[in-house]
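The values are calculated or read from the model by the stated rules, or taken from the named source; none is laboratory data. Every value quoted in this text rests on a predicted model; they were computed, and no experiment measured them. Cβ placement follows ideal geometry from the backbone for every residue including glycine, while neighbour counts extend to all protein chains displayed. The protein model used for the area step is the full one, side chains on, heavy atoms only, and it has no ligands, DNA or RNA in it. Shrake-Rupley method; radii C 1.70, N 1.55, O 1.52, S 1.80 Å.
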Amino acid sequence: MYRLHVVPAHGDPFDRLLEGDSLVIGRSSESDLMIADRFLSRQHARLFKQGDDWMAEDLGSRNGTLLNGHPIESATKVKAGDDLQLCGSVVSVRVASSPPPSADGSGSDLGQHTVFRRAAELIDSHAESASETDAPDALRRIADRLSMLNDIHQTLSGSIEMQDLLDLILARAFDHLRPEEGVIYLRRLEEFYRAAYRTVPGQEPNYAFSTTLINEVAEKGMAALVLDVQTDERFAGARSILSSGIQSLVAAPLLDPEGTLGMIALSSRAHLRRFDEADMELLVSLASVAAMHLRNISLAAEAAERQRLEEELKLARQIQVALLPSELPDVAGYTLLGGNMPSRGVSGDLYEVFQRNDGSESFFLVADVSGKGIAAAFLTASLEALAAGPIEVGHPTDQVCALVGRRLYARTLPAKYATAFLAILDHETGTISYTNAGHNPALLVRAGGEAELLGPTGMPIGLMPDATYGSKETKLGPGDTLIMYTDGITEAENPDEEEFGTDRLLEACQALRGQSLGEVNEGIEKTLNEFVRGVPFADDRTLVMLRREAV
């Protein structure tokens, strides 16, 4: 007695005893030995007994059959050690001196009960299948498939909700394939969930689909035809399937160019319905249409969500702009200018100028909260609200930082904090007392071009609950300019990933010191844009300038 060792083009090798008087090999489920190879003919070759010998013959296949590398022109004797080459698959003839091995070593013959084929290849092979047959039944199946797909496309030509689409796909599957149970699984992040389910009337649902099937079909993009669940070792641990009475099932992945969206699986009891390869091909076509429309629904939902977020971003920006000064106060003997440019629609930067002590002094606040976007914008609003009270009651800069820092720490996550530069200008003397809470150094450019960097006097606000801050003093003379800014300016990068830096900003301010603050602002922006050479700004940019007028 011989056994055949089959190495299919796709899937794991398996063994089959050569029994009876004839064995037809092909890719059709109607063949005695079905092999998952899209280039095989449906009935490709045959092994048959002639007296005491086994013979091999090609059944008029499109791609021919090779015996030990030579084409089979007519019935040819085969013996142990011979290899039959059928396209990408090899069938080796061996002596059956012992039971054929299996995956678990039990010697059982399991491989021929299940077919896994790549769904993408099945879709490509549909046209080939139509061209190679003139059989009325085959042509009728192809016509039915095209009619079903056209019907679904027509039905889905308008807008449809996802659940309605899933229900429609299952309904069409039941109409054309007549299963007893059907289920659609969809991917959510890295897991699959049951999105739709259907049974024939009067049958209790059992949801009998295993993770084994999901892994093979949904994860690997394979179409599955299981002729006998009870004898397939892949489902040995799937008690829900084995106890349900299901024997035949067919499944296909929901594939589109972006990947696998999920799978559709149908099952039946053997005495009512046994699926075949034509059913698998039909389900693959149905799944392909479903995947395309599912992706369209998903894209439409994403577009709607994106529009909603854009509207929320627009509203958040409007709210934030309302928090920023619409105009800066007029201070006799001084010129002020300030502005903010967000990188993502809304900004994580804040600036304010308060008049206090009966208008004898101005309080400047420039801050940059951690993070970007809407979350950062919310934090700037909170920071502005927390700082307004201590500033208005007259606290010095270091105490404002300490008070706001404690409250901010108590109300936000530890990763949320703000760097800030706070300064108080005495209008009469030009004296500036300031606190730098982990912020970029403010630049004090003298009328003659000399410069001072007003560096940190404490840590960022809200980083620690009991942080203390220092304060320092300097003085503005006639023609001197104080430049306060956020790191969106100094950390802007060019195509070489080089940062603009504090030194370039200082050089630009020194070069522009004789011009008006508006011209200084335009000059800095021009210099910055020339440096980045089109690279988008990754962070918000805020610039506030104070100049004491020359006598």
Average Cα contact separation per residue, the stretch 455-551, under 8 Å, 6 or more apart, as relative contact order %: 40 percent
Shape call for the stretch 393-455, from the Cα gyration tensor axes a ≥ b ≥ c (a/c under 1.5 means rounded, otherwise prolate when a/b beats b/c, else oblate), comes out oblate
For LYS475, go through the aspartates and glutamates and keep the ones whose alpha-carbon is under 20 Å away, minus same-chain ones fewer than eight residues off. ASP330, GLU361, ASP398, ASP426, GLU428, GLU450, GLU452, GLU549
For the residue pair LEU323 and GLU311, what label-to-label distance in nm results when each label sits 7 Å from Cα along the Cα-to-beta-carbon direction? 2.3 nm
Theoretical gain in end-to-end length, GLN355 to ALA451 [0.36 nm per residue, Cα-Cα removed]: 31.9 nm
With a 1.4 Å probe and all protein chains left in place, how much of the accessible area of the stretch 466-523 comes from carbon and sulfur atoms, in whole percent? 36 percent
How would you order 409-415, 218-224 from highest to lowest mean count of nearby Cβ atoms within 10 Å? 218-224, 409-415
Between GLU190 and ARG269, how many nm apart are label points set 7 Å from Cα along the C-beta direction? 4.1 nm
Mind checking which lysines have their C-alpha under 29 Å from LYS49, skipping anything on the same chain fewer than 8 residues away? LYS77, LYS79
GluC sites (Glu not before Pro) lying in DSSP loop within the stretch 403-489, provided at most 11 other Cβ fall within 10 Å: GLU428, GLU450
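Heavy-atom accessible area per residue, the stretch 453-492, 1.4 Å probe: how many Å²?
Roughly 40 Å² per residue, with all protein chains present.
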List the lysines whose Cα sits under 19 Å from the Cα of LYS416, skipping any in the same chain fewer than 8 residues away. LYS372
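Shape verdict for the stretch 512-551, please, from the Cα gyration tensor: rounded (a/c under 1.5), prolate (a/b greater than b/c) or oblate.
oblate
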For the pair ALA301 and ASP21, how long in nm is the line joining their label points, each one 7 Å along Cα→Cβ? 6.0 nm
Pull out a ≥ b ≥ c, the square roots of the eigenvalues of the alpha-carbon gyration tensor of the stretch 429-551, then state rounded if a/c is under 1.5, prolate if not and a/b is larger than b/c, and oblate in the remaining case. oblate
How much accessible area per residue does the stretch 1-105 have, in Å², with a 1.4 Å probe? 48 Å²
